[in-house]
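The values are calculated or read from the model by the stated rules, or taken from the named source; none is laboratory data. No experiment lies behind these values; they were computed from the predicted model shown. Cβ atoms come from the backbone with ideal geometry, glycine included; neighbour counts cover every protein chain shown.
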Amino acid sequence: YTFDAFAQQHANCSTGRYDIFCSCPCSEANALARYAFRDSPTHPTLGCLTPNNMTIGQKLKAFWNHPAGPKTIHFWAPTFKWGISLANIADINRPADKISLPQQCAITATGVIWSRYSTQITPVNYNLLAVNAFMALTGGYQLFRKISYDMAQQTPAATA
Amino acid sequence: MASVSAKLLQFWNSPTGPKTTHFWGPVANWGFVLAGLADMRKDPEYISPNMTGVMCVYSVLFMRFAWEVKPRNYLLLACHASNEAVQLYQLSRWYGWSSSQQQQQQQAGGNKEAAAGVKVEEVKRVEAAPSKAA
């Protein structure tokens, strides 16, 4: 029972693809692919598998080998963007007079704009949305601290 | 030879042009560069080493990202290259200020110790003198 025979029998599978990202509605195709063709020499991919019937190991392998996975910059660059929010949290008790107003404005504005754009791209990128929403929150909090400190500084001078 | 209007039209309709998020996202990121430039003349005590260090790594990663992404995003690349330069400069300014602060503290600590040592000697002398006098 070769892969070609399998392909012939399941030629009406909705996508016609037999790679890891296909969504073959035929459960028999999925079952056969998982057990019969997983290590097939003619098809290095895992056959017609969907996230519903993949094992944890297969999911991890799929993630590891993904074109936007942890072996690529497409993963690490957006992941590191969390560092900006973490740096703001580390600075949460930094004295308010030492906060840089332009920098926090830039961080908050970037967070807001990118949160919006990550919902407008195809596909919607919830990871990017989360990062930027958090950036906007932490930046906004630092801005609030800085501006309230500045205003508190100004009022005694105004009355004096 | 493409005319100016043809080039403008090409830019307007480009896959990383002003009709797409591939353009306006990087424009938002130029805010970091402008903020860094605004902070360049201020006293180094206003520089946050946490944020500036993170920005340096962040811009390196995103320069690589802008190069590898399809379509290749030169605007994002330029933005993060300049941000990297600005943040590295700010970090070096902060580091220079911070080490001079530490030196000052060490000197002040040394002065305090010297002053305390002098006082202890004086006390000893004063204690010794009355006993001599007595």
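Tabulated data
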{"read-out": "Per-region count, the range B:27-36, residues more than 7 Å from chain A (Cβ to nearest Cβ) and either among the aromatic types (Phe, Trp, Tyr) or not in a helix (DSSP H, G or I) (or both)", "value": "1"}
{"read-out": "Which numbered condition A:Val112 misses (of (1) of a type in the set (A, V, I, L, M); (2) part of a helix (DSSP H, G or I); (3) more than 9 Å from chain B (Cβ to nearest Cβ))", "value": "(3)"}
{"read-out": "All positions within the range B:1-21 that are crowded, with 17+ Cβ neighbours inside 10 Å and either closer than 17 Å to A:Lys81 by Cα or at pLDDT 90 or above (or both)", "value": "none"}
{"read-out": "Selection within the range B:37-68 - more than 7 Å from chain A (Cβ to nearest Cβ) and either assigned to a helix (DSSP H, G or I) or farther than 29 Å from B:Trp97 by Cα (or both)", "value": "B:Leu37, B:Pro44, B:Pro49, B:Thr52, B:Gly53, B:Met55, B:Cys56, B:Ser59, B:Val60, B:Met63, B:Ala66, B:Trp67"}
{"read-out": "Enumeration of residues in the range A:83-93 that are facing another protein chain (nearest Cβ under 7 Å) and free of Cβ contacts under 8 Å to residues at least 12 places away in the same chain", "value": "A:Gly83, A:Ala87, A:Ala90"}
{"read-out": "A:Ala96 being more than 8 Å from every other protein chain (Cβ to nearest Cβ), touching a residue at least 40 places away in the same chain (Cβ under 8 Å), surrounded by fewer than 17 Cβ atoms within 10 Å (Cβ to Cβ) and touching a helix residue (DSSP H, G or I) at 6+ places or on another chain (Cβ under 6 Å)", "value": "yes"}
{"read-out": "Selection from the range A:120-138 of residues that are more than 21 Å from B:Lys70 (Cβ to Cβ) and at the interface with chain B (Cβ under 10 Å from one of its Cβ atoms)", "value": "A:Asn132"}
{"read-out": "Test result for B:Pro26, in contact with a Leu (Cβ under 8 Å, 6 or more places away or on another chain), over 19 Å from A:Ile99 (Cβ atoms) and in contact (Cβ under 8 Å) with a residue 24 or more places away in the chain", "value": "yes"}
